[in-house]
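Colleague: Here it is: the structure, laid out below.
Every read-out reported here was derived from the displayed coordinates using simple, explicitly stated rules and does not represent laboratory data. If you're wondering where the values come from, they're calculated on a predicted model, not measured in any experiment. Please note: Cβ atoms are built from the backbone with ideal geometry, for glycine as well, and neighbour counts cover all protein chains shown.
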Amino acid sequence: MHLSDSTTSAPSHATLSGTGGVCLMRNDFIFNCGGLSVAFVFVTNWDCNNVSLIFSRVQKLRTQFARFYVIITLPAKQQMNSFIQSYFTFEMVIGKPTFVPVQDIEMGFEKMVKIAHSSGVYKQQKVGEKLKAEKKLSVQGMNFYLKVVTSIPGIDNHDANALSQAIGSVQAIAKASKDQILENTDLSAEKAEMISRFLRDPKFYSSPKIT
C-alpha cells in the first residue's frame with residue numbers, strides 16, 4: 001500500500017499532520033484503502049497502573065468501526081503480564097477488536113500498514129481469494145487465543161483447543177465453573193481448578209508462560 005494514496009478521517013479534536021496522507025490522531029489512525037476504512041488505536045506506552053482508561057476507550061470505539069485493531073507496544077514481560085490479566089478482567093472477546101502486541105513503535109507502524117494494505121486488497125480480490133485471506137486472519141486470531149489461554153499455568157495447546165471447542169471464547173472460559181469445564185472437556189480436575197482460580201482470584205495470578 002502506498003501511504004500517499006491513502007487518506008485518514010480526522011476527528012473533531014486537534015490532530016497532528018503526518019506524512020504520506022496519514023494523520024496522527026493522538027496515536028489513533030483511520031486508513032482508507034480502496035474505499036475500505038480500517039481503524040486503529042495505537043497504545044505506544046502500556047501503563048500497568050492505568051489500564052482501565054485504555055480498555056474503556058477500546059470498548060467505546062469497537063462499536064463505531066467494523067474493522068478495528070488495537071496495536072500495543074509491550075516490550076517488557078511485566079507489561080505483557082499486565083495486559084493478559086487486564087484482558088481477562090475486562091472480559092474482552094477475541095477479535096472484537098483484534099489486539100496486536102508488538103515489541104516497539106516501529107514494529108507497530110509496520111503492522112498497521114500491513115493490516116490496512118491487506119484489508120484494501122481483500123476488498124478487490126475474488127470471492128474465493130477473499131475467503132482464503134479471511135481464513136488466514138481467523139488462524140491468526142486462533143493463534144492469539146492459544147497464547148492467551150496457554151498463559152494459564154499448566155495449560156497447553158491441547159487444553160486450549162478443547163476449551164475453545166467446548167466452552168468458547170476467553171470471556172466464556174472466564175465465566176465457566178470448574179464443574180462445567182470438567183463436564184465438557186477432557187481436562188483433569190487439577191487443570192479445571194487452576195483455570196477457575198486463575199481467572200477468579202487476582203492474588204492467585206502469577207507469571208504466565210506467554211512469550
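Colleague: May I ask you to evaluate 6.51 cos²θ - 1.76 cosθ + 1.60, the Karplus curve with θ = phi - 60°, for each residue of the stretch 65-77 and list the ³J(HN,Hα) values in order in whole Hz, giving x for glycine and proline?
Modeller: Result, rounded to whole Hz: 10, 6, 10, 9, 10, 10, 8, 10, 7, 10, x, 10, 4.
Colleague: If you don't mind, there's one more thing I want to ask. Applying 1/(1 + (r/R0)^6) with R0 = 25 Å to the Cβ-Cβ distance of Ala66 and Glu110, what FRET efficiency is obtained, to the nearest 0.05?
Modeller: Rounded to the nearest 0.05, the efficiency is 0.60.
Colleague: Right, something else. Between Glu129 and Gln165, take the C-beta separation as r, use R0 = 45 Å, and let me know the FRET efficiency to the nearest 0.05.
Modeller: On the way: r = 28 Å, r/R0 = 0.62.
Here the calculated transfer efficiency is 0.95.
Colleague: In terms of modelled amide H atoms, which long-range or inter-chain residues lie less than 5 Å from the amide H of Leu187?
Modeller: Long-range HN contacts for Leu187: none found.
Colleague: Please list, ordered by chain and number, the residues whose modelled amide H lies under 5 Å from the amide H of Val100; skip anything fewer than 5 residues away on the same chain.
Modeller: Close amide H contacts, sequence-distant or interchain: Val70, Ile71, Ile72.
Colleague: Calculate the FRET efficiency for Lys96 and Ser188 from the Cβ-Cβ distance with a Förster distance of 45 Å, rounded to the nearest 0.05.
Modeller: Working from the Cβ atoms, E equals 0.90.
Colleague: I would also like to ask the following. Collect residues whose amide H, placed 1.01 Å from N in the peptide plane, falls under 5 Å from the amide H of Ile94; neighbours closer than 5 in sequence don't count.
Modeller: Hits under the 5 Å cutoff: Val170, Gln171.
Colleague: Also: Starting from 0.36 nm per residue, how many nanometres of slack lie between Val139 and Ser52 once their C-alpha separation is accounted for?
Modeller: On the way: separation 87, 0.36 × 87 = 31.32 nm, distance 2.85 nm.
Working it through step by step, the gained length comes to 28.5 nm.
Colleague: So, by mean Cβ neighbours within 10 angstrom, what's the order for 136-146, 165-175 with the highest one leading?
Modeller: 165-175, 136-146
Colleague: Pull out a ≥ b ≥ c, the square roots of the eigenvalues of the alpha-carbon gyration tensor of the stretch 151-205, then state rounded if a/c is under 1.5, prolate if not and a/b is larger than b/c, and oblate in the remaining case.
Modeller: Rounded, because the longest to shortest axis ratio a/c is under 1.5.
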